[in-house]
1. Which helices (runs of 4 or more DSSP H) does the stretch 26-107 wholly contain that include 2 or more residues that are in contact (Cβ under 8 Å) with a residue 40 or more places away in the chain?
2. Which of (1) surrounded by fewer than 11 Cβ atoms within 10 Å (Cβ to Cβ); (2) farther than 25 Å from residue 93 by Cβ; (3) of a type in the set (A, V, I, L, M) does residue 61 not meet, given it meets every other one?
3. Return a yes/no flag: does the stretch 80-87 have any residue that is surrounded by 10 or more Cβ atoms within 10 Å (Cβ to Cβ) and touching a strand residue (DSSP E or B) at 6+ places or on another chain (Cβ under 9 Å).
4. Considering only residues of the stretch 88-107 that are small (Gly, Ala, Ser) and at negative phi, which is surrounded by the fewest Cβ atoms within 10 Å (Cβ to Cβ)?
5. Consider residue 73 against the criteria (1) over 21 Å from residue 10 (Cβ atoms); (2) surrounded by 10 or more Cβ atoms within 10 Å (Cβ to Cβ): it satisfies all of them except one. Which criterion is unmet?
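What follows is calculated from the coordinates using simple rules that are stated; it is not laboratory data. Since the model is a prediction, treat every value here as computed from it, not as a measurement. As a convention, Cβ positions derive from the backbone with ideal geometry for all residues, glycine included, and neighbour counts pool all protein chains shown.
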Amino acid sequence: MRLLGTSGPKRSQFAPNVPTYTEQGFKNIVFEEQFSLYLPAGASPAVVERLHQHVVRAMAAPEVAAGLATFAIVPATSTPAELVALQKKDLERWAPVVKAIGFTADS
C-alpha cells in the first residue's frame with residue numbers, strides 16, 4: 001500500500017514523508033477524525049465536568065498515548081464547549097455534502 005496524502009492540517013507523525021492534501025493543492029480537503037465520549041442528555045454540569053477531567057488525565061498518561069499510537073492516533077482533548085462548537089461547524093460543513101449524495105441512515 002502507498003499513502004497518497006493525509007487529510008490533517010499538518011503532516012502525520014506516523015507518516016511524515018506523506019504530504020497533506022493541502023500541500024498537494026487540494027485546499028478544501030482538511031479534516032481530522034475525532035472520537036468523543038457522551039453522557040445521557042440532561043447530565044448535570046458537575047457530572048460532565050468530572051468525566052471531562054478523567055478523560056484529560058487519561059489522555060495525558062504515557063501508556064494511553066502509547067496504546068493509541070498503535071492505531072496511529074494522537075491523544076488530544078477539548079472542553080465540552082469546544083466539542084459542541086466543533087460538531088456544529090462539522091454539521092454546517094458536511095450536511096450539504098450528505099444531502100447532495102442522498103445519504104440516509106438507511107443507505
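1. On the way: elements: 45-60, 62-69, 80-101.
The qualifying helices (runs of 4 or more DSSP H) are 80-101.
2. (1)
3. Step one: list which residues in the stretch 80-87 are surrounded by 10 or more Cβ atoms within 10 Å (Cβ to Cβ), which gives 80, 82-87.
Those left that are additionally touching a strand residue (DSSP E or B) at 6+ places or on another chain (Cβ under 9 Å): none.
No, every residue in the stretch 80-87 fails to be surrounded by 10 or more Cβ atoms within 10 Å (Cβ to Cβ) and touching a strand residue (DSSP E or B) at 6+ places or on another chain (Cβ under 9 Å).
4. First, pick out the residues of the stretch 88-107 that are small (Gly, Ala, Ser): 95, 100, 102, 105, 107.
Keeping just the survivors that are at negative phi gives 95, 100, 105, 107.
Details: 95: 10, 100: 8, 105: 4, 107: 7.
Selected residue: 105.
5. (1)
To keep it simple, each residue is scored yes or no on (1) surrounded by 11 or more Cβ atoms within 10 Å (Cβ to Cβ); (2) under 18 Å from residue 73 (Cα atoms); (3) in contact with a Cys (Cβ under 6 Å, 6 or more places away or on another chain).
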{"position": "1", "(1), (2), (3)": "no, no, no"}
{"position": "20", "(1), (2), (3)": "yes, yes, no"}
{"position": "25", "(1), (2), (3)": "no, no, no"}
{"position": "29", "(1), (2), (3)": "yes, no, no"}
{"position": "34", "(1), (2), (3)": "yes, yes, no"}
{"position": "46", "(1), (2), (3)": "no, no, no"}
{"position": "55", "(1), (2), (3)": "yes, yes, no"}
